[in-house]
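Following: one structure in structure tokens, then a few remarks.
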Amino acid sequence: MTMLQISSFAGRSTPILASALLLFALGGCSVFEGDDGDPGPAGPTGEQGDPGPSYGPTTSITITVDSVTIGAPPKPVVELTVKNQDGNPFAGLAEGDLRFNLAKLTAEMNGNPSFWQNYITRGDGEAQEASQERFNRPNQPWGTWVNHLDGTYTYTFATDLANAPCTDPCTDADGKPLNLSYEPGKTHRLGIQLGNAEFGRNNTTYDFVPTGAAVTAMRDIVKTANCNECHNTLRIHGSRVETKFCVTCHNPGSWVADTPNTTVDFKVYIHKIHRGADLAQQPYTIGSDDFSDVHFPQDIRNCTNCHDDGDPETPDAGNYLTVPTREACGSCHDEVDFETGSGDR
């Protein structure tokens with residue numbers, strides 16, 4: 001057998017090294033295999049990371065609107081952050097759990113008070129009523145929903161505000177034309193309704209001006225907490241519980257066809273419901289609902305029970321004194337003919 005000779009740097013033969021290399025060539029890497037040794041000591045504890053999305057039992061959620069942007073075409077894009085009752089990010093909302101609405105505020109003008117007008121309307125052949133995107137009705141628009149799986153979400157409206165559809169007839173209950181044109185310089189209110197009762201009842205509103213200007217024009221008249229002094233928990237339509245949300249739908253453009261047509265404008269029908277049994281024109285009904293046996297549990301003239309103009313959260317609560325209207329006053333004084341002045345009692 002011939003020994004492989006490898007020269008060292010000193011020029012001498014190194015048979016031992018040659019033998020090792022031959023074993024390496026014949027046996028692969030096994031010549032270097034060995035014991036991994038004992039594990040070393042544990043390293044220092046790292047910094048606490050942010051809590052991940054919560055997928056555990058959730059009894060309630062908080063919805064925060066981070067931003068609303070309106071580009072071209074003007075379809076609102078809403079960025080949301082959602083947390084559970086423990087304050088942890090909640091990634092468990094599914095498509096269809098939330099419903100969205102958008103209204104603009106027409107400012108006080110020529111002695112007339114401001115009013116909300118929503119961009120989304122629907123008609124069922126007998127009425128024109130306010131509605132919402134993602135509302136569970138046929139032929140309603142559905143926007144784009146993105147769950148980022150970290151407690152944040154993006155919703156892009158289907159409604160093009162520059163071409164907001166209006167049902168026929170596009171009027172209020174008295175036949176006055178509605179203005180659904182996009183007016184980016186006005187105060188807008190985004191309304192969000194949580195439609196999944198598994199996560200509690202939640203209405204979220206967000207006021208903004210699409211141009212980016214500060215919100216200066218407002219219309220905040222009655223706080224939900226005032227209603228709950230009697231109602232305990234104000235709730236209608238399943239999970240609508242906040243007055244600031246209600247008015248985005250219940251405004252002059254929302255009515256039920258009848259003879260005569262019945263408005264469900266908030267300032268009118270809420271007053272009439274509370275005075276139902278004492279109205280001059282009986283019965284008072286909205287569709288199949290009859291409110292003719294409703295009694296206000298105190299003197300009806302106690303307006304400040306609801307309209308607290310000393311509360312900074314409702315700076316417009318005194319509108320009934322400063323900008324009274326036939327619609328609001330006539331909701332209780334329905335025996336008065338405002339053209340002739342007759343019928344006052």
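A short reminder: the numbers here are calculations on the coordinates, not readings from a lab. Treat the numbers as computed from the prediction; the structure is a model and nothing was measured. When we count neighbours, we look across all protein chains shown, and the Cβ atoms used for this are built from the backbone with ideal geometry, even at glycine.
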Once the other residues with Cβ under 13 Å from the Cβ of LYS75 are scored (Lys, Arg +1; Asp, Glu -1), what is the net sum? -2
Say each of ASP309 and ASN261 gets a label point 7 Å from the Cα, pointing the same way as Cα to Cβ; how far apart are those two points in nm? 3.2 nm
Just to check I understand the Karplus step: with θ = phi - 60° and J = 6.51 cos²θ - 1.76 cosθ + 1.60, what whole-Hz values come out for the range 330-338, glycine and proline as x? x, 5, 9, 8, 7, 8, 8, 9, 6
Sum of side-chain charges, ASN302 neighbourhood, beta-carbon under 15 Å (Lys, Arg +1; Asp, Glu -1): -3
Name the long-range amide H neighbours of ALA91: under 5 Å, sequence gap of 5 or more, or other chain; modelled H, no Pro or chain starts. SER54, GLY151
